[in-house]
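Chemist: Sharing a structure here in structure tokens format.
The values are calculated or read from the model by the stated rules, or taken from the named source; none is laboratory data. Remember, predicted model here, so these are calculated numbers, not experimental data. Reconstructed Cβ throughout: ideal geometry from the backbone, glycine too, with neighbour counts over all protein chains shown.
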Amino acid sequence: MADRAFSASYDSTAKAISAVVCLLLMVVAWVVPMVFVALLFPLSICLAYAYSPRGYAISGGAIVIKRLIGNIRVPLADVREIRAGTPDDFTGCLRLWGNGGLFGYSGIYQTAKLGKCYWYVTNRSRTVIVATQARILVLSPDDAAGFMGASGVPSTGVTSGGAPQFQVGSAGGNLTGKLVAIGIAGLVFALISAVLIYSPGLPGYTLTAGRLTIHDRFYPVTLQEDGTDTGHVRIVDLVRESEWRPALRTNGFANAHYQSGWFRAANGKIVRLYRAGGNRLVLIPPKGGAAPVLYQAKDPEHFVQELQRQWAGR
């Protein structure tokens, strides 16, 4: 039997859901001032795409469901029937666990006619029901008739399966898929852990007669003396002056230990914040329309005196 490949395209519902969900999650990840959220939402999108079918094939005596996360192989010897899906097959459809539209429909579903079934679907208008010795699969090759013909498996009217067990992948393919999944999970776990525990401490600075540079790994800033309202540099206590508390991260880094970058304060002003968990910060206002800076120094009083001594009267 010659190998044949079959494409898998999204139906209009999957396209709409994918576009809306991706846009919504990316917007939420951008505006929510939590690094975990900012990482979790894009990761969810990537995982949904990796698990969605990229196509199907009849190859090496098996049905192959192609996925970025690892292909699934179903030996044709285990298949009792392949037939086109009908509207009756999906009456009373209930998703038990899985994805319901983001880059397709995958996971464990249950319908009144099929019972428990396992979906690897991108287009619900071109479904193919595959009954193995152990379970029911639902696929959606673009050329459903060609796919069924290439399999060589007759239609016998079988519509239900048994226990949820069947061979997933060849020895090499299955191992590759597992290694990819483990690698992604490990990388994500390490990245999220590193971000959550990142705590560089108080940001350092360099002060000269005409310039102040605040050192930060991601959002360093250099202030010029002639652009700073030196006379109004003061200490802000966020407990008593809560209007200066950061309320929304607009473009910056934030976890429980450290915050840096652009934030919207409770008073509505956009500020550049450099904070390592303290509440007594130095407010450095600009002369023009630039964003004021809130900087946590080790000794705020000494920092203010040093800055004003260097810049006052110049």
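Chemist: Considering each residue of the stretch 75-94, count those that are surrounded by 15 or more Cβ atoms within 10 Å (Cβ to Cβ) and within 30 Å of the chain's Cα centre (by Cα), and give that number.
Modeler: 1
Chemist: One residue is enough: does the stretch 101-124 have a residue meeting the conditions aromatic (Phe, Trp, Tyr) and either in a loop (DSSP other than H, G, I, E, B) or not assigned by TED's automatic domain parsing to the domain that holds VAL20 (or both)?
Modeler: The answer is yes; a qualifying residue exists.
Chemist: Condition test on SER260, is it of a type in the set (Ser, Thr, Tyr), closer than 28 Å to GLN305 by Cβ and surrounded by fewer than 16 Cβ atoms within 10 Å (Cβ to Cβ)?
Modeler: Judged against the criteria, SER260 is not a match.
Chemist: Now, a different point. Just a yes or no: is a residue in the stretch 243-261 out of contact with any strand residue (DSSP E or B) (no Cβ under 7 Å at 6 or more places or on another chain), on the phi > 0 side of the Ramachandran plot and at pLDDT 85 or above?
Modeler: no
Chemist: For the stretch 1-59, enumerate the residues that are outside any helix (DSSP H, G or I) and modelled with pLDDT under 85.
Modeler: Selection gives MET1, ALA2, ASP3, VAL32, PRO33, MET34.
Chemist: Closer than 23 Å to PRO200 by Cα, touching a residue at least 60 places away in the same chain (Cβ under 8 Å), more than 33 Å from the chain's Cα centre (by Cα) and exposed (fewer than 15 other Cβ atoms within 10 Å of the Cβ) - does that describe any residue in the stretch 271-289?
Modeler: no
Chemist: From LEU212, LEU202, LEU223, which residue is part of a loop (DSSP other than H, G, I, E, B), surrounded by 13 or more Cβ atoms within 10 Å (Cβ to Cβ) and either among the polar types (S, T, N, Q) or in contact (Cβ under 8 Å) with a residue 12 or more places away in the chain (or both)?
Modeler: On inspection, the qualifying residue turns out to be LEU202.
Chemist: Given (1) at pLDDT below 90; (2) surrounded by 15 or more Cβ atoms within 10 Å (Cβ to Cβ); (3) closer than 30 Å to ASP299 by Cβ, where does PHE166 come up short, assuming only one miss?
Modeler: So PHE166 meets the others, but not (3).
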